[in-house]
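What follows is a single structure, written as structure tokens, with notes after it.
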Amino acid sequence: MNAAGCPLCTEEGGTPVLRNELLRVVLVDDADYPGYARVIVNAHAKEMTDLDPGALARVMAAVYAVEDALRAVLAPDKVNLASLGNVVPHLHWHVIPRFADDAHFPQPIWGTRQREPDAAKLAARRALLPALGEEIRARIGQH
């Protein structure tokens, strides 16, 4: 896949939270996982080692800052970090808040559904998304 056919080169990949010259952070519209974020490198790069050492360090600092913001605002039981790229070979990280009562826990969110999540808990988590966006912007601004 080249940049012309890449969905992460032509689309935001979610609801924008922050963008700078290197990367953007978006929130994924997933009804079961409010707070699910992606850190997406703006340039069409396939692997972490395609980045120079300074850019690589800044991307990982952003991933960790998003994780930290998720923990501060949503207080998940666990945060999953994943960089796959098998379907969309454009460098991006999934930063996913996990709760013991979520639809797939303890399986990965792409695994077998374990239960129906509690609608009230999901709504309460969704209500925190504006605060999460602010926290992400504040934390990445520190790096």
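None of the figures in this text is laboratory data; all of them are computed from the coordinates on show. For clarity, every value in this text was computed on a predicted model and none was experimentally measured. Quick reminder, even Gly has a Cβ in these numbers, built from the backbone with ideal geometry, and neighbours come from all protein chains shown.
For the reader, a short list of remarks on this structure follows.
- The GluC sites (Glu not before Pro) of region 1-103 meeting both criteria, a DSSP state outside H, G, I, E and B (loop) and at most 10 other C-beta atoms within 10 angstrom of the site's C-beta, are Glu11, Glu21, Glu47.
- J(HN,Hα) series, region 89-101, from Karplus relation 6.51 cos²θ - 1.76 cosθ + 1.60, nearest Hz, glycine and proline x: x, 10, 4, 7, 10, 8, 10, 10, x, 10, 10, 4, 9
- Shown here is the pair-distance distribution of region 1-81: with all Cα-Cα distances grouped in 10 Å bins from zero up to the longest one, the shares run 17, 47, 31, 6 percent.
- Note on region 44-124: Cα-Cα pairs beyond 20 Å make up 44% of the total pair count.
- Integer Hz, Karplus 6.51/-1.76/1.60 couplings in order for region 7-22, x for Gly and Pro: x, 7, 8, 9, 10, 5, x, x, 7, x, 10, 7, 9, 10, 5, 9
- Net charge, Asn80 excluded, C-beta distance under 15 Å - Lys, Arg +1, Asp, Glu -1: -2
- Check: the chain dipole with +1 on Lys, Arg Cβ and -1 on Asp, Glu Cβ, in debye: 140
- Neighbour-limited loop hits for trypsin sites (Lys or Arg not before Pro), region 10-114 (at most 14 other Cβ within 10 Å; DSSP other than H, G, I, E, B): Lys46, Arg113
- Charge tally in the Cβ shell below 13 Å around Arg38, where Lys, Arg are +1 and Asp, Glu are -1, Arg38 excluded: -3
- Cα centroid separation - region 60-104 against region 114-143, whole Å: 12
- In region 3-141, taking the dipole from charged Cβ atoms about the Cα centre, the farthest positive-side position among Leu22, Ala75, Thr112 is held by Ala75.
- Each residue in His90, His44 was given a count of other beta-carbon atoms within 10 angstrom of its own, and listing them fewest first yields His44, His90.
- Difference of contour (0.36 nm per residue) and Cα-Cα distance, Arg137 to Arg71: 22.3 nm
- Electrostatic tally near Val95: other residues with Cβ closer than 14 Å to its Cβ, Lys and Arg +1, Asp and Glu -1, net +2.
- With all pairs of different C-alpha atoms in the average, the Kirkwood value for the hydrodynamic radius of the chain is 15.6 Å.
- Shape category assigned to region 86-130 from the gyration tensor of Cα positions, a/c cut at 1.5: oblate
- R0 of 25 Å, Cβ-Cβ distance Asn20-Thr49: FRET efficiency to nearest 0.05: 0.75
- Two-site FRET efficiency, Val88 against Ala120, from Cβ-Cβ distance with R₀ of 30 Å, rounded to 0.05: 0.35
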